[in-house]
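The values are calculated or read from the model by the stated rules, or taken from the named source; none is laboratory data. Because the structure is predicted, anything quoted here is derived from the model rather than measured. Don't worry about glycine lacking a Cβ; one is built from the backbone with ideal geometry, like all the others, and counts go over all protein chains shown.
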Amino acid sequence: MSDPTGLVDRFGRVHRDLRISLTDRCNLRCTYCMPAEGVPWIPRPDLLSTDELVSLVEVFARLGIVEARLTGGEPLLRPDIVDIVARLSAIEGQQGPLRISITTNGIGLSNLAGPLAEAGLERFNISLDTLRADRFAKLTRRDRIDDVLAGIAAASATGLRPLKINTVAMRGVNDDELADLLRFARDHDAQLRFIEQMPLDAGHTWSRAQMVTGEEILEALTAEFELTAKPGRGSDPAQQFIVDGGTTTVGVIASVTAPFCGACDRVRLTADGQLRNCLFATGESDLRGLLRSGATVDDIEAMIRESVTAKRAGHGIDDPGFLQPDRPMSAIGG
Ligand code: SAM
Ligand code: SF4
């Protein structure tokens, strides 16, 4: 073990959660994430190989990272995704083997959910913004809702829990479906989490007025359900509520209107090996370059520590000088 005190920043936040983007490519084109034509993809030679990724994650584990979430782009597009999960979940961290979860649009899960679970995956997070085929096609610019629904069924059938479903709430797009989505999640023994739309789209089309706020989401839900706030949020970005006194919960991730930066325990590794200390960071640390230059584990540890030390107190979306990061969400890893 390298350092039992872990990755602590200037504000005392201990970093235990690593978000890993496996690719910036995607088989959907969600309007709030990518333009119709896609974005200039990261050149293939710049992408971390699986061996490079595993080497870097081993260093993160020495520094106190205990869980990793695989994301993208669409992480299931990585041809060796099952092998990646097997190798990462075999890495020993300070609390035992790393806990590996995945955020996916669900396409491909009907075949992959079982093998991923067998490879050691702990949990699925699946994104679903609408239950209506026509809306789905318009919102994602692809007619693939059936594949997503089949993927959710396959993930549910693995028995891995909690199964989480993420929904970005959007004014005039799906804000009349929030209660239906919660009923759908309940029927699939899944926990739904509504997310406020953030200024991270490649087209820079985000506007505060278009965003549905956490407060508005709760207002819509309480019209149909009895919600009881759950105490003990910890570093969970979602404020959780119990639905109708039962076993179902719903979460609201109000990243814009009620930031949770004070409890943030996350750092991010992009598919091209850049370390970002925040979703909204404007700077990055080039771990790929360092690794490929033949650096030692100590050098890599030092770069990771430096990045964590430089982490700002908050994302600053409300600051007058706020600048949207150059990388779109699909290339950072949400
Ligand atoms: N392709 C996978 C998926 O869609 O689940 C993983 C990557 S995607 C970038 C991760 C999550 O970020 C998804 O739940 C997506 O809805 C969310 N997301 C993308 N752009 C967003 C934005 N501008 N604001 C809030 N959430 C966003
Ligand atoms: Fe692809 Fe996920 Fe972005 Fe949608 S949100 S375009 S599925 S990366």
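Quick notes
- In region 33-87, the residues that are surrounded by fewer than 15 Cβ atoms within 10 Å (Cβ to Cβ) and either touching a Cys at 6+ places or on another chain (Cβ under 6 Å) or on the phi > 0 side of the Ramachandran plot (or both): Gly38
- Any hit, region 298-307, residues being within 29 Å of Cys26 (Cβ to Cβ), touching a residue at least 40 places away in the same chain (Cβ under 8 Å), touching a Ser or Thr at 6+ places or on another chain (Cβ under 7 Å) and crowded, with 20+ Cβ neighbours inside 10 Å: yes
- Residue list for region 275-295, filter: modelled with pLDDT of 95 or more and touching a Ser or Thr at 6+ places or on another chain (Cβ under 7 Å): Leu275, Arg276, Ser285, Leu291
- Here Ala90 passes the criteria (1) without any contact (Cβ under 8 Å) to a residue 60 or more places away in the chain; (2) in contact with a Pro (Cβ under 8 Å, 6 or more places away or on another chain); (3) buried (at least 19 other Cβ atoms within 10 Å of the Cβ) except the one numbered (3).
- Residues of region 27-85 satisfying the condition of being charged (D, E, K, R), farther than 13 Å from Met329 by Cα and either out of contact with any helix residue (DSSP H, G or I) (no Cβ under 8 Å at 6 or more places or on another chain) or assigned to a helix (DSSP H, G or I) (or both): Glu37, Arg44, Asp46, Asp51, Glu52, Glu58, Arg62, Glu67, Arg69, Asp83
- Asp24 being closer than 28 Å to Gly294 by Cβ and within 11 Å of ligand 1 (Cβ to nearest atom): yes
- Every residue from region 109-147 that is within 18 Å of Arg78 (Cβ to Cβ), within 15 Å of ligand 1 (Cβ to nearest atom) and not charged (D, E, K, R): Leu109, Leu112, Ala113, Leu116, Leu121, Phe124, Asn125, Ile126, Ser127
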